[in-house]
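Structure first, commentary second.
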Amino acid sequence: MKKYLTILILFAGLLGFNTGIAKAQDTSNFTIEILSPAKVAEYPGKELKIKVKITNTTDQEIKNVFTYITMANLSKNWTVNLEDYSADQPVTIGTMKPHEEKIVNLPIQLVYTADYYLYTTVVSKENPVITSSVAIPVKIIGNTKIVPLQVQIVSTVMPLLLLVLLFITMKIKR
């Protein structure tokens, strides 16, 4: 019985322990929604505009608001360095009035073939609460179809053909 009482007291103490470090807030100051496109399936090199709607959900003016794109590579389980995608700079929105909505176009150029989730984030320098949109699927399609047998044939036959041509030219010169 003492053992259970000790465990119960320990458990209650752990539940009551709160340092307050990095404690999540229940509400956000914004909503952010990707308006278009709903999904992407394109080839590398395609330039897109991601159209998002940002809403100030508070009764107060919020200054220094900015938004940006993030992409998560689903096969490698990591986020993408968006410098390669021309989307590394956040778009400055500035000040948003209470309940104001703004439509923003965020540029991105598709680069590496893979499957991704793309989502947008809005934040203010005045408030550390970060709000992200629901992600859209992005598939960057490879534009080449390589048949392994053809590659093997070409990589074997071409050097042999060049070697034969070399021997023929050497024999003709003698």
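Derivation of every value follows stated rules applied to the coordinates shown; laboratory data play no part. Note that the structure is predicted; figures quoted are calculated from it, not measured. Please note: Cβ atoms are built from the backbone with ideal geometry, for glycine as well, and neighbour counts cover all protein chains shown.
Give me a comma-separated list of calculated 3J(HN,Hα) values for region 164-169, in order, Karplus coefficients 6.51, -1.76, 1.60 applied at θ = phi - 60°, integers in Hz, x for any Gly or Pro.
After applying 6.51 cos²θ - 1.76 cosθ + 1.60, I find 5, 4, 5, 5, 5, 5 Hz.
Name the long-range amide H neighbours of Lys51: under 5 Å, sequence gap of 5 or more, or other chain; modelled H, no Pro or chain starts.
Result for Lys51 returns Leu35, Ser36, Leu106.
Estimate the FRET efficiency between Gln152 and Asn73 by the formula 1/(1 + (r/R0)^6), using the beta-carbon distance for r and 35 Å for R0, to the nearest 0.05. It would help to have the intermediate numbers written out before the result.
On the way: r = 30 Å, r/R0 = 0.86.
With R0 = 35 Å, the Cβ-Cβ based efficiency is 0.70.
To the nearest 20 debye, what is the magnitude of the charge dipole of region 27-140 about its Cα centre, counting +1 on the Cβ of each Lys and Arg and -1 on the Cβ of each Asp and Glu?
180
Amide H neighbours of Glu100 under 5 Å, at least 5 residues apart or on other chains, H built in the peptide plane: list them.
Asn56
Trypsin sites (Lys or Arg not before Pro) within region 23-126: which are DSSP loop residues with at most 15 other Cβ atoms inside 10 Å? Spell out each step's value before the answer.
On the way: sites: Lys23, Lys39, Lys46, Lys49, Lys51, Lys53, Lys63, Lys76, Lys102, Lys125; in loops: Lys23, Lys39, Lys46, Lys76, Lys125.
Sites meeting the loop and neighbour criteria: Lys23, Lys39, Lys46, Lys76, Lys125.
Which length gain, in nm to one decimal place, applies between Asn81 and Lys46 when the Cα-Cα distance is subtracted from 0.36 nm times their residue separation? It would help to have the intermediate numbers written out before the result.
Working: separation 35, 0.36 × 35 = 12.60 nm, distance 1.73 nm.
Answer, rounded to one decimal: 10.9 nm.
Mind computing the radius of gyration and Dmax over the alpha-carbon atoms of region 24-93? Å is fine for both.
14.7, 43
Output ³J(HN,Hα) for region 125-138: one whole-Hz value per residue in order, computed from phi by the Karplus curve 6.51 cos²θ - 1.76 cosθ + 1.60 with θ = phi - 60°, and x for Gly and Pro.
With coefficients 6.51, -1.76 and 1.60, one gets 5, 7, 9, x, 6, 9, 10, 10, 7, 6, 6, 10, x, 10 Hz.
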